[in-house]
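Since the structure comes first, as structure tokens, the remarks are kept for the end.
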Amino acid sequence: MCGIVGIYAYRDASTKVDLGELRRMRDHMQRRGPDGAGDWLSTDGRVGLGHRRLAIIDLSERGAQPMHTRDGTLHITFNGEIYNYRALRTELERKGYAFDSSSDTEVLLHLYRDRGLDMLHALRGMYAFGLWDAAERCMLLARDPYGIKPLYYTTHDGTLRFASQVKALLAGGRVPHTPDSAGSVGFHLWGYVPEPFTSCAAITALEAGTSLIVNANGAQPVRRHFSLARVWSDACERVNLAEPLPSQEEIGALVRDAVRDSVAAHMVADVPVSAFLSA
């Protein structure tokens, strides 16, 4: 678990990034990332990224964030873990991409350069990240298919702000804390605040399996790269009711193999791995 933050003053009239605000947002999430903190500010002062680190892969300073490409055109702050990053890295190295670390974060940078938004279809893992493309002058926000990692944003006053927590955005001191009635109603009806609503009217949750691009024209329409409902619907359409159902033994073998594969993927780490039950 890490904490990510970012500010992008996309309107010409918007105030440039206040480094103090960025750090207040970042350090409000110290518990999410006790192993280190970093920030980066663009030369024109209109983009800033921050990160609180919980070191899991590549514990060295080479894995610290925000992370950048050698040419300084791509910058990222990332929370999560990409389970298939080693296979993706091998593929990218065959294409000529050179790496300076052994982290999954750097794989995201080069994968974006190689595939653009299509990179999201190649990722197996849990993630939330903000990636600044200096050449295209745009910020990409993305969240994993199941929404394991949180990501919240606001475009108040022509400035994009994003973070792993709503309270972190409010801690910066520039986002109005006006309650969101839809979020409150959802909480009382279902016991949680339904996405994309939050407890704050100015702040939106980026929904699971979606991405968002913000450029000089503001926030573009949210794009969906994964839909659990669509996966379920497609699976139902493939079922042939005329054929006999699998036996209990066959179903058990399929589930066992899937669980083992998932556990093996989750074991990828440069620190000891443990398991716990939440309740």
Could you figure out which of (1) at positive phi; (2) free of Cβ contacts under 8 Å to residues at least 24 places away in the same chain isn't true of GLY158?
(2)
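Test GLY116 against the criterion of being out of contact with any Pro (no Cβ under 7 Å at 6 or more places or on another chain), over 30 Å from ALA201 (Cβ atoms) and open to solvent by less than 30 Å² (accessible area, probe 1.4 Å), and give yes or no. Please lay out each step first, then the result.
Working: out of contact with any Pro (no Cβ under 7 Å at 6 or more places or on another chain): yes; over 30 Å from ALA201 (Cβ atoms): yes; open to solvent by less than 30 Å² (accessible area, probe 1.4 Å): yes.
Judged against the criteria, GLY116 is a match.
Look at PHE276 and say whether it is open to solvent by 80 Å² or more (accessible area, probe 1.4 Å), closer than 26 Å to ARG32 by Cβ and assigned to a helix (DSSP H, G or I).
Spelling it out, it is not the case that PHE276 is open to solvent by 80 Å² or more (accessible area, probe 1.4 Å), closer than 26 Å to ARG32 by Cβ and assigned to a helix (DSSP H, G or I).
Yes or no, residue by residue, for (1) at pLDDT 95 or above; (2) under 25 Å from TYR152 (Cβ atoms):
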{"residue": "PRO194", "(1), (2)": "no, yes"}
{"residue": "SER199", "(1), (2)": "no, yes"}
{"residue": "ILE213", "(1), (2)": "yes, yes"}
{"residue": "GLU237", "(1), (2)": "no, no"}
{"residue": "ALA242", "(1), (2)": "no, no"}
{"residue": "GLU250", "(1), (2)": "no, no"}
Residue that is nearest to PHE129 (Cα to Cα), among those in the stretch 37-58 that are surrounded by fewer than 17 Cβ atoms within 10 Å (Cβ to Cβ) and under 19 Å from the mean Cα position of the chain (by Cα):
LEU54
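So which residues in the stretch 128-148 are within 14 Å of GLU81 (Cα to Cα) and crowded, with 23+ Cβ neighbours inside 10 Å, if there are any at all? Walk me through how you get there before you give the answer.
Within the stretch 128-148, the subset within 14 Å of GLU81 (Cα to Cα) is 128-129, 142-148.
Answer for the stretch 128-148, where residues must be within 14 Å of GLU81 (Cα to Cα) and crowded, with 23+ Cβ neighbours inside 10 Å: ALA128, PHE129, ALA142, ARG143, ASP144.
The values are calculated or read from the model by the stated rules, or taken from the named source; none is laboratory data. Given the structure is predicted, the values throughout are model-derived calculations rather than measurements. Glycine also receives a Cβ, built like all others from the backbone with ideal geometry; neighbour counts cover every protein chain displayed. Remember, those area values only see protein heavy atoms, side chains included, never the ligands or the DNA or RNA. Shrake-Rupley method; radii C 1.70, N 1.55, O 1.52, S 1.80 Å.
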